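Asker: Structure incoming, see below.
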Amino acid sequence: MKKNAILALALLIAGGINAQDGPNSKGQIFGEIFEKGTETQKDSLVKAIVADARIAEKEEDLQLYYNFLNYRKQTADAEAVEKRALKLHPKGKMARSKEIAKFYDLDNLKEKEKLYATILKKFPMDKFPNDGVVYDYVTSALARESLKEGKKERALQLLGNMQEKFWRAQ
C-alpha cells in the first residue's frame with residue numbers, strides 16, 4: 001500500500017512531466033493506472049491527486065485533476081478542485097468552459113447572443129491561441145440558432161468569424 005502511494009505521489013511531482021501532452025505526461029500515466037492498475041493503485045492515485053490539488057497552482061494540473069476525479073466519481077473532490085481553479089484562474093480555460101456550458105443551457109437566442117458577447121469579451125480568443133475550435137463550437141451553435149430564427153445575415157457573419165474553416169460547412 002505504501003509503495004503504491006509513493007508511486008502515485010512521485011508521478012504527481014515528477015519534474016519535467018507535462019500535465020496532458022505526450023507519452024510520458026501525467027495524463028497518459030494517470031490514464032494507464034486508471035485503466036490497468038489495481039484498485040489499490042487507483043485509490044492511492046486519487047488520494048495523491050486530491051493532496052496535490054490542494055497546493056497545485058498550474059491550471060493545466062488542476063484541470064487534469066478535476067477530469068480524473070470526475071472520471072472516478074469523486075464529485076466532492078472534483079468540485080473542490082474546480083472551485084480552487086476558478087479562484088486561481090478566473091479568466092482561464094476552466095472558467096471559460098463554465099461560461100460556455102451556460103451558453104448551451106440557454107433556450108433564448110437573445111440570451112445566447114448576450115452570453116456569446118460576454119464570453120468573447122471576458123475570454124478573448126487571442127488569450128487562447130490554440131483553442132480556435134472551442135470558440136468555433138459556440139460560434140457554429142449560435143449561427144445555427146440564428147438561422148433557425150430566420151437571421152441568415154447574422155448566421156453568415158458568425159460563420160465568417162470562425163477560426164477553423166472546415167467547421168463552416170457544419
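Asker: When only DSSP loop residues count, what GluC sites (Glu not before Pro) in the stretch 97-170 have their Cβ near at most 16 other Cβ atoms within 10 Å?
Answerer: Values: sites: E99, E111, E113, E145, E149, E153, E164; in loops: E149, E164.
Those satisfying the criteria are E149, E164.
Asker: For the stretch 70-115, which whole percent of the accessible surface, found with a 1.4 angstrom probe, sits on carbon and sulfur atoms?
Answerer: The computed percentage sits at 52.
Asker: Would you check the accessible area of Y71, probe 1.4 Å, heavy atoms only, in square angstrom rounded to 10?
Answerer: That residue has around 130 Å² of solvent-accessible surface.
Asker: Just the accessible area per residue of the stretch 27-120, please: how many Å² with a 1.4 Å probe?
Answerer: On the way: 5390 Å² over 94 residues.
Value returned for the stretch 27-120: 57 Å² of accessible area per residue.
The values are calculated or read from the model by the stated rules, or taken from the named source; none is laboratory data. Since the model is a prediction, treat every value here as computed from it, not as a measurement. Neighbour counts run over all protein chains shown; Cβ positions are idealised from the backbone, glycine included. For the accessible areas, the whole protein counts, side chains as well, though only heavy atoms, and no ligand, DNA or RNA atoms are used. Shrake-Rupley method; radii C 1.70, N 1.55, O 1.52, S 1.80 Å.
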